[in-house]
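Notes follow the structure.
Just so it is clear, none of the values below were taken in a lab; they were calculated from the coordinates. Quick caveat: nothing in here was measured; it's all calculated off a predicted structure. When we count neighbours, we look across all protein chains shown, and the Cβ atoms used for this are built from the backbone with ideal geometry, even at glycine.
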Amino acid sequence: LPLPAPRRIKALAQDVVNKIAAGEIIVAPEHALKELIENAVDAGSTSLEVVIKEGGLKLLQITDNGHGIDKEDLAILCERFTTSKLKAFEDLSSIGTYGFRGEALASISHIAHLSVTTRTKESSCAWRAQYSDGKLVSPKPGQSAEPKPIAGRGGTQITVEDLFYNVPSRRRAFRSASEEYAKILDMVARYAVHCAGVSFTCKKHGSSTADISVPTAAGTLDRIRQIHKATVANELVTLNTENERWGFKCEGWISNANHSAKRTTLLLFINHRSVESSVIKKAIEQTYATFLPKGGRPFVYLNLEIEPARVDVNVHPTKREVHFLNEDEIIAIICDEIRNSLSKVDTSRSFMTQS
Ligand code: ADP
Ligand code: MG
């Protein structure tokens with residue numbers, strides 16, 4: 001058979017490239033929400049309200065009381081690689097804030113209708129702006145795309161509507177709004193436990209009751225009690241360990257041997273970013289296996305802080321995957337601490353049953 005003629009190579013149109021890149025960062029509504037929560041926390045907010053319609057596919061709205069965005073910055077807010085958090089490549093190793101690549105809002109603006117209402121302390125009014133494909137757009141034909149002054153309180157409200165409206169294949173992949181809402185609640189719950197000093201609410205649009213609600217003043221254990229119920233909270237003990245050699249500090253709340261669930265709940269924060277780690281999860285489950293009935297699983301919340309220079313946060317745009325130096329050694333120390341704690345709790349329990 002004759003070889004087929006080679007097809008000519010052509011550059012993809014820029015809007016196609018942008019949509020592909022955005023779809024890699026924001027795979028599901030929960031990922032957009034995670035970025036928005038991290039931005040709000042970065043802005044020093046002490047109050048965070050989330051409203052959701054149709055599992056976040058119709059509406060994702062987050063209102064904070066943070067420092068707001070300068071009116072002059074609104075024009076470039078949603079451009080790719082615009083950020084207030086990183087100036088030089090070297091800053092990557094000492095970065096203390098959640099976001100740093102300036103990609104989140106840009107990505108969202110390529111795959112959803114994005115609008116922002118924001119007010120800084122210095123501003124006499126709030127400003128409202130609407131975005132599409134990284135740029136300011138006018139809300140109605142014939143109107144100006146420039147930010148409009150409106151009444152509003154200090155802080156920022158970000159509204160994301162019709163996520164993936166222009167990526168039909170992705171949009172079709174979501175079969176159940178309630179499944180997406182459950183994932184959103186899980187994400188909000190993680191940050192609501194972790195972010196001491198910040199109040200959180202999350203509810204469905206039009207509903208008068210919040211599905212998650214924690215007040216600003218609640219301590220970590222109270223936060224866990226509100227969200228994961230007293231049956232879990234009553235069986236938790238603190239975990240505290242640090243190690244200079246491996247440059248880390250770890251604190252958290254872990255269930256004792258009285259608590260045994262069907263599945264592991266692992267709330268894992270590395271340098272204040274919610275991350276997944278199947279390696280850490282597996283090590284923890286193995287540690288608990290000798291203390292729990294067969295098939296029993298623990299509840300573990302870990303706030304792990306590692307010297308920024310040892311963490312490679314730059315591995316993937318989604319930043320869900322975090323790698324750090326001496327993973328094995330650090331995990332071993334944490335699991336030793338868990339083991340110590342479980343043995344201790346065992347003895348105190350036998351004391352308590354005597355009284
Ligand atoms: P990054 O967080 O990586 O800087 P983003 O696209 O998430 O990138 O945000 C871009 C910039 O917009 C941030 O650096 C910040 O200055 C500003 N910003 C975003 N969300 C908020 C918010 N809720 N409050 C104040 N500023 C915000
Ligand atoms: Mg960000």
Quote the FRET efficiency, to the nearest 0.05, computed for Ile20 versus Ala230 with a Förster distance R0 of 51 Å and r equal to the Cβ-Cβ distance.
0.65
Among Val232, Val198, Leu163, whose Cα lies farthest out toward the positive end of the dipole of the chain, if unit charges sit on the beta carbon of Lys, Arg (+1) and Asp, Glu (-1)?
Leu163
Cα-Cα over 31 Å: which of Lys71/Lys140; Lys34/Lys71; Lys53/Lys148?
none
Any DSSP H helix in the chain with Cα axial reach of 27 Å or more and mean Kyte-Doolittle score of at least 1.0? Listed by number, the hits are none
Just want to confirm a number: the relative contact order over the chain, from Cα pairs under 8 angstrom separated by 6+ residues, in percent.
14
Can you compute the FRET efficiency between Glu329 and Val237 using 1/(1 + (r/R0)^6), with r the Cβ-Cβ distance and R0 = 30 Å? Round to the nearest 0.05.
0.80
Segment 14-214 - percent relative contact order, Cα under 8 Å, separation 6 or more
27
Determine the calculated [θ] at 222 nm for the chain from helices alone, applying -39500 (n - 2.57) to every DSSP H run no shorter than 4 residues and normalising by the residue count; nearest 500 deg cm²/dmol.
-9500 deg cm²/dmol
Considering only C-alpha atoms, what is the centroid distance from segment 1-78 to segment 111-173, in Å?
12
Overall dimensions of the chain as given by Cα atoms, namely Rg and Dmax in Å
22.8, 89
Translational diffusion coefficient of segment 14-214 at 37 °C, 0.692 mPa s, Stokes-Einstein with Kirkwood Rh over Cα pairs, in µm²/s as a whole number.
191
For Lys135, list the aspartates and glutamates whose Cα falls under 13 Å from its own Cα; do not include residues on the same chain fewer than 8 positions away.
Asp15, Asp73, Glu79, Glu146
At R0 = 22 Å the Cβ-Cβ FRET efficiency linking Thr46 and Arg263, nearest 0.05, sits at 0.10
Which value in nm describes the separation of the simple spin-label points at Ala5 and Ala151, placed 7 Å from the Cα toward the beta carbon?
6.8
Thr216 label point, 7 Å along Cα→Cβ, cut-off 16 Å on backbone N: hits in segment 121-136?
121
How large is Rg/Rh for segment 229-350, to two decimals, with Cα atoms and a Kirkwood Rh?
0.98
Using a 7 Å offset from the Cα along the Cα-to-Cβ direction at both Ile76 and Glu161, what is the distance between the two label points in nm, to one decimal?
2.9
